[in-house]
Every structure is written in C-alpha cells, then in structure tokens.
Amino acid sequence: MKKTILIFVIAGLVLVTLIFWAVNSKLSGGLPEILMLAGALIVVGFAFFLGAMRLRSKLRKEPAEDELSKRVKTKASSLSFYISIYLWLFIMYISDKTTLEADSLIGAGIMGMAIVFFLSWIGIKFIGPRYE
C-alpha cells in the first residue's frame, strides 16, 4: 500500500510543479513548450493510471502485481532500454547540428525515455509478452 500512495504523491507533486511552472513563466505557446508539457502530462497520467490499477487490486484483496504484470513491465523495460540507446545516439548526433543548450537536450532525452517506456508498455500490454 505504501508504494501505491507514493505513486500518487509523486505524480501529484509533479502535476503541482507543472501548474506552478505554467502560471509563473511567460509561455509563448511554441512547439517545444507544448511538446514538453504534453510529454509531462502523459507521464503523470500514466503514473496515475498505474496507481489506480494498484489501488483497485488492493481493494479487491488481490496482489498489487501478479506474474503477468511483472513480465509485461520487464519486457517493456528491456525493449525501451534498447530503443533509448538509439534515442540517445540520435540526440548526440543532433547536438552538433542544433543551437539548443545541453541541459535542454538532456531534458528532452529523459522525457523521450519516459515516453518510450510508456509506448513500450502499451505495446507489450496489448500484444502480450512473447514467451520464449
């Protein structure tokens, strides 16, 4: 139960931080800002979804994670790791050809890794893990 509450607390803190950032900064509405905000909202929504699934399992007196959900998470993490390696190679290639600062590129890479894991999890969840 502690992990479930922790998921909601961290996702809530990130959401509150995003709201403060949006209110206090002068957003120009450019494409990079929209992409960053959309990516952060996707990650926070995914965290709330996983927390709700865990909470529903706890209320039904079921284990929070069964064998299938652990296998899906493991397969999604290994697939997203391999894809993320190529994402970072692409970011390294782009870093020489763009005028963006290094911290912006690193932030985009971290956000990209989170989105890649989200998409990998969705793909493995719907297709199902392949059994060797």
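Using the structure shown, decide if Ala76 is in the same structural domain as Lys125 (by TED's automatic domain parsing) and closer than 15 Å to Ile122 by Cα. Judged against the criteria, Ala76 is a match.
If only residues of region 71-110 that are among the aromatic types (Phe, Trp, Tyr) and either under 18 Å from the mean Cα position of the chain (by Cα) or modelled with pLDDT under 90 (or both) are counted, the one that is nearest to Met36 (Cα to Cα) is Trp88. Of the residues making up region 1-18, those that are loosely packed, with under 10 Cβ neighbours inside 10 Å and closer than 11 Å to Val44 by Cβ number 0. Taking the criterion of being buried (at least 16 other Cβ atoms within 10 Å of the Cβ) and either more than 19 Å from Ala11 (Cβ to Cβ) or among the aliphatic types (A, V, I, L, M) (or both), the residues of region 44-54 that qualify are Val44, Ala47, Leu50.
Cβ-Cβ distances below 6 Å connect the following pairs, each with a first residue in region 1-30 that is without any contact (Cβ under 8 Å) to a residue 24 or more places away in the chain, a second residue that is acidic (Asp, Glu) and assigned to a helix (DSSP H, G or I), and a separation of six or more residues or different chains: Leu27/Glu33.
Each row is one residue, and each column tells you yes or no for (1) farther than 25 Å from Lys3 by Cα; (2) in contact (Cβ under 8 Å) with a residue 12 or more places away in the chain.
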site	(1), (2)
Gly51	no, yes
Arg56	no, no
Phe90	yes, no
Asp96	yes, no
Ile127	yes, no
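For region 58-69, which positions are closer than 16 Å to Ile7 by Cβ, in a helix (DSSP H, G or I) and without any contact (Cβ under 8 Å) to a residue 24 or more places away in the chain? Once the filter is applied, which keeps residues that are closer than 16 Å to Ile7 by Cβ, in a helix (DSSP H, G or I) and without any contact (Cβ under 8 Å) to a residue 24 or more places away in the chain, region 58-69 yields Leu59, Ser69. With respect to Gly107, determine if the residue is assigned to a helix (DSSP H, G or I), out of contact with any helix residue (DSSP H, G or I) (no Cβ under 6 Å at 6 or more places or on another chain), surrounded by fewer than 16 Cβ atoms within 10 Å (Cβ to Cβ) and touching a residue at least 60 places away in the same chain (Cβ under 8 Å). So Gly107 fits the description; yes. Give me the residue from region 55-99 that is over 22 Å from Phe8 (Cβ atoms) and of a type in the set (Lys, Arg) and, out of that set, surrounded by the most Cβ atoms within 10 Å (Cβ to Cβ). My answer is Lys75.
Would you point out the residue of region 113-131, among those that are at pLDDT 90 or above and more than 8 Å from the chain's Cα centre (by Cα), that is nearest to Ala38 (Cα to Cα)? My answer is Leu119.
The values are calculated or read from the model by the stated rules, or taken from the named source; none is laboratory data. All figures in this text were calculated on a predicted structure; none of them were measured in a lab. Ideal geometry is used to build each Cβ from the backbone, glycine not excepted, and the neighbour counts take in all protein chains shown.
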